[in-house]
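The values are calculated or read from the model by the stated rules, or taken from the named source; none is laboratory data. What you see is a predicted model; the values in this text were computed from it and never measured. Glycine also receives a Cβ, built like all others from the backbone with ideal geometry; neighbour counts cover every protein chain displayed.
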There are 2 protein chains.
Amino acid sequence: MEDKIKVIIYGLGVIGGNIAKAILEKKGIEITGVIDIDPQKVGKDMGEILGLPEKTGVIVSNNSKEVFENSSAIAVIHTTSSYLPQVFEQIKECIEARRNVISTCEELSFPYKRHTELADKIDTLARNYGVTVVGTGINPGYLMDTLPLVLTAPCLDVKSIKVTRMMNSAKRRIPFQKKVGTGLTPEEFRKCIEEKRITGHVGLLESINMIASGLGWELDETKELPPEPVIAEKEIETPLCKVEPGKVLGLKSIAFAKMNGKEVISLNFIAHAGVEEEYDEIIIEGNPNIHQKILGGVHGDIGTVAVTINTIPKVINASPGLFTMKDLPVPSATPMDMRVYIKK
Amino acid sequence: MEDKIKVIIYGLGVIGGNIAKAILEKKGIEITGVIDIDPQKVGKDMGEILGLPEKTGVIVSNNSKEVFENSSAIAVIHTTSSYLPQVFEQIKECIEARRNVISTCEELSFPYKRHTELADKIDTLARNYGVTVVGTGINPGYLMDTLPLVLTAPCLDVKSIKVTRMMNSAKRRIPFQKKVGTGLTPEEFRKCIEEKRITGHVGLLESINMIASGLGWELDETKELPPEPVIAEKEIETPLCKVEPGKVLGLKSIAFAKMNGKEVISLNFIAHAGVEEEYDEIIIEGNPNIHQKILGGVHGDIGTVAVTINTIPKVINASPGLFTMKDLPVPSATPMDMRVYIKK
């Protein structure tokens with residue numbers, strides 16, 4: 001059989017680490033290099049950082065140039081930041097090293113509106129160096145953009161799309177519970193919003209713009225509202241703390257888009273403790289109407305790891321340039337040896 | 001603005017007719033030729049056959065060669081039969097006339113297993129003539145194959161997939177109600193099955209094989225069971241007839257696949273009068289589990305028309321060869337002027 005698919009991990013934080021662990025359990029794919037700037041990680045074996053019982057033989061390096069020179073790899077899994085201007089130089093470096101890039105940078109999932117110029121630069125670079133670049137993840141990248149688009153396929157007409165992601169944050173990891181403001185007073189919550197210590201969900205506008213692009217819609221307004229706190233009416237116990245009535249259970253991030261003065265896209269990201277029914281819901285008003293629900297929702301952490309890994313073969317098979325998830329072939333799982341997905 | 005996208009309709013039956021009507025209502029696309037062998041239709045204006053108040057100026061012809069010679073068109077919408085061997089020569093003719101082909105032929109939706117040789121011939125022909133060929137429709141083509149695959153994207157592992165399409169046949173057109181055996185005695189139903197006057201749903205094995213291919217699964221068994229009648233327990237009124245207890249309300253078509261001796265794919269097409277809750281359901285057992293439901297289901301007739309029309313720009317933009325829906329970019333609606341979807 002062919003050599004394994006070789007990848008470099010760029011950023012070994014929570015998401016990068018979970019992706020690395022999942023790749024180590026997969027067949028037909030191996031990690032040949034890890035880049036991270038955290039002094040606590042540099043020089044150590046990736047296995048140690050991931051808390052694995054055995055060493056992997058791959059040492060974390062803060063010298064990306066050296067990693068690219070010494071590690072053969074067809075693609076880079078990039079997970080360092082949500083904001084494209086912060087990661088542009090890193091993406092550029094990967095491209096110039098002639099590696100395909102799969103990034104969880106939220107703003108890269110549909111960069112053409114917020115960062116038109118950077119998107120153009122990345123596309124040109126990628127074409128020049130013959131590699132493919134895509135931003136992905138569970139959301140943005142899948143649940144609130146690619147999947148709603150797929151669900152419009154049986155429609156002759158689409159009037160509006162409403163997506164709601166309803167999550168019980170108390171079931172997620174502690175950092176996520178903190179990120180949604182669990183246990184704060186409403187005043188503390190508002191202060192965190194002002195100081196951008198709570199940002200809400202990153203990527204709602206990217207999802208809106210991907211949907212609009214897929215449907216050929218020219219929007220006349222897109223707007224992301226500041227995250228709103230969800231306040232406890234009764235006491236709720238969470239793994240983080242006991243939330244008393246009047247305190248914050250979590251948040252709602254809402255964004256919408258208008259076309260010809262009418263609201264045509266509405267995205268609702270709701271994550272707080274005490275949610276009894278978790279779900280991901282897509283309501284399409286059109287001909288015909290489509291009302292779909294994923295009962296229990298999709299687990300966000302596993303989802304991001306899986307969507308990212310499952311995108312690897314699609315990116316390797318794609319033609320050069322900057323792509324979004326809607327432009328690649330239908331996304332799907334890669335439960336088997338990764339090599340079976342690579343087109344010769 | 002550019003010229004309209006021109007298409008030829010090959011087969012003006014129920015589905016072809018509905019597609020033609022929907023295209024006539026769309027912007028940026030026009031029908032430049034219609035092929036049908038029905039003597040009742042040949043020589044008449046398409047508008048007359050479609051029951052439109054006005055003539056369209058397009059005359060139905062049984063001379064496909066002439067239509068290809070005289071009608072400029074970038075694609076053919078082909079809707080003549082469910083079975084690939086019956087339509088192979090027609091598809092070949094379209095390809096040799098250098099037209100892209102979007103066909104509702106069920107067996108073309110994933111032809112590699114049932115008709116390996118024909119699939120190979122079509123792919124080679126399409127590449128040689130520089131056109132793209134795809135088989136599509138609501139099912140096979142979307143609900144029981146493409147959509148389940150899309151829903152595996154957030155999964156690190158997939159153990160099994162179960163798809164159920166639950167339809168109230170009494171809400172569909174009369175020919176469909178007859179097709180599922182409404183009002184027959186169980187004996188009459190079994191005779192219809194034996195004589196192949198009732199076939200159940202065509203394309204379950206194509207859907208199974210598309211799912212397996214998308215997941216890289218090597219199946220060791222695929223099986224389609226003969227359609228089973230669903231018997232009335234109480235009297236049920238339908239637009240076709242009154243169904244007395246003990247008589248047939250409709251049918252179940254079931255197919256499944258095994259891998260390593262275990263059932264891994266199960267497709268259940270259930271259509272009968274008296275269904276109270278219509279839905280399309282996908283249950284993925286994996287990491288994580290995904291349980292998706294389209295409440296109310298997707299209307300099959302509109303769905304097939306829409307999926308077919310919405311595939312036109314994807315096929316025009318694709319590279320030459322035979323494709324299946326899973327290999328094209330994410331399917332989605334085309335609510336706007338069709339020309340906006342065409343890449344230059």
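Observations
- Selection status of A:E276, more than 9 Å from chain B (Cβ to nearest Cβ), acidic (D, E) and not in a strand (DSSP E or B): yes
- Scanning the stretch A:286-333 for residues that are basic (K, R) and in the same structural domain as A:T152 (by TED's automatic domain parsing) gives a single hit, A:K293.
- Subset of the stretch B:143-169 that is within 23 Å of B:E218 (Cβ to Cβ) and small (G, A, S) - its residue that is farthest from the other protein chains (Cβ to nearest Cβ): B:S160
- The selection criterion, being at pLDDT below 95 and among the small types (G, A, S), does not hold for A:S109.
- Given (1) in the same structural domain as B:G203 (by TED's automatic domain parsing); (2) more than 18 Å from A:C155 (Cα to Cα); (3) part of a helix (DSSP H, G or I), index of the condition B:N128 fails: (1)
- Considering each residue of the stretch A:110-122 in turn, at least one proves to be outside any helix (DSSP H, G or I) and within 14 Å of chain B (Cβ to nearest Cβ).
- Taken over the stretch A:272-321, residues that are farther than 17 Å from B:L156 by Cβ and under 16 Å from the mean Cα position of the chain (by Cα) amount to 2.
- Scanning the stretch A:131-149 for residues that are farther than 17 Å from A:V76 by Cβ, in a loop (DSSP other than H, G, I, E, B) and among the β-branched types (V, I, T) yields a total of 1.
- Residue in the stretch B:286-302 that is farthest from the other protein chains (Cβ to nearest Cβ), counting only those that are outside any strand (DSSP E or B) and modelled with pLDDT of 95 or more: B:G297
- Single residue of the stretch A:194-211 satisfying the filter (part of a helix (DSSP H, G or I) and crowded, with 21+ Cβ neighbours inside 10 Å) that is farthest from the other protein chains (Cβ to nearest Cβ): A:L204
- Residue list for the stretch B:224-273, filter: assigned to a loop (DSSP other than H, G, I, E, B), among the basic types (K, R) and closer than 16 Å to B:Q177 by Cβ: B:K247
- If you go through the stretch A:198-208 and keep only what is over 15 Å from A:T136 (Cβ atoms) and not aliphatic (A, V, I, L, M), you end up with A:T199, A:G200, A:H201.
- Residues that are more than 23 Å from the chain's Cα centre (by Cα) and surrounded by fewer than 17 Cβ atoms within 10 Å (Cβ to Cβ), drawn from the stretch B:11-41: B:K27, B:P39, B:Q40
- Taking the stretch B:1-87 as the region of interest, the helices (runs of 4 or more DSSP H) fully inside it that hold 2 or more residues being touching a residue at least 60 places away in the same chain (Cβ under 8 Å) are B:14-24.
- Checklist (1) farther than 26 Å from A:K343 by Cα; (2) within 14 Å of chain A (Cβ to nearest Cβ) applied to B:G214, failing item: (1)
- Among the numbered conditions (1) in contact with a strand residue (DSSP E or B) (Cβ under 9 Å, 6 or more places away or on another chain); (2) facing chain A (nearest Cβ under 8 Å), the only one that B:K262 does not meet is (2).
- Condition check for B:K326: of a type in the set (K, R), crowded, with 20+ Cβ neighbours inside 10 Å, part of a helix (DSSP H, G or I) and facing chain A (nearest Cβ under 7 Å): yes
Yes or no, residue by residue, for (1) over 17 Å from B:V76 (Cβ atoms); (2) buried (at least 24 other Cβ atoms within 10 Å of the Cβ); (3) within 20 Å of the chain's Cα centre (by Cα); (4) not assigned by TED's automatic domain parsing to the domain that holds B:N18:
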site: B:Q90; (1), (2), (3), (4): no, no, yes, no
site: B:A97; (1), (2), (3), (4): no, no, no, no
site: B:C105; (1), (2), (3), (4): no, yes, yes, no
site: B:S109; (1), (2), (3), (4): no, yes, yes, no
site: B:T124; (1), (2), (3), (4): yes, no, no, no
site: B:A153; (1), (2), (3), (4): yes, yes, no, yes
site: B:S169; (1), (2), (3), (4): yes, yes, yes, yes
site: B:E187; (1), (2), (3), (4): yes, no, no, yes
site: B:C192; (1), (2), (3), (4): yes, no, no, yes
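- A:S319 falls short of the stated requirement of being assigned to a loop (DSSP other than H, G, I, E, B), within 9 Å of chain B (Cβ to nearest Cβ) and within 20 Å of A:A20 (Cα to Cα).
- Taking the stretch B:58-85 as the range and being closer than 30 Å to B:L204 by Cβ and either out of contact with any strand residue (DSSP E or B) (no Cβ under 9 Å at 6 or more places or on another chain) or of a type in the set (K, R) (or both) as the test, the residues that pass are B:S81, B:S82, B:Y83, B:P85.
- Of residues in the stretch A:111-122 being of a type in the set (D, E, K, R) and within 21 Å of A:E218 (Cβ to Cβ), the one surrounded by the fewest Cβ atoms within 10 Å (Cβ to Cβ): A:E117
- The selection criterion, being within 20 Å of A:N310 (Cα to Cα) and either within 24 Å of the chain's Cα centre (by Cα) or not small (G, A, S) (or both), holds for A:T80.
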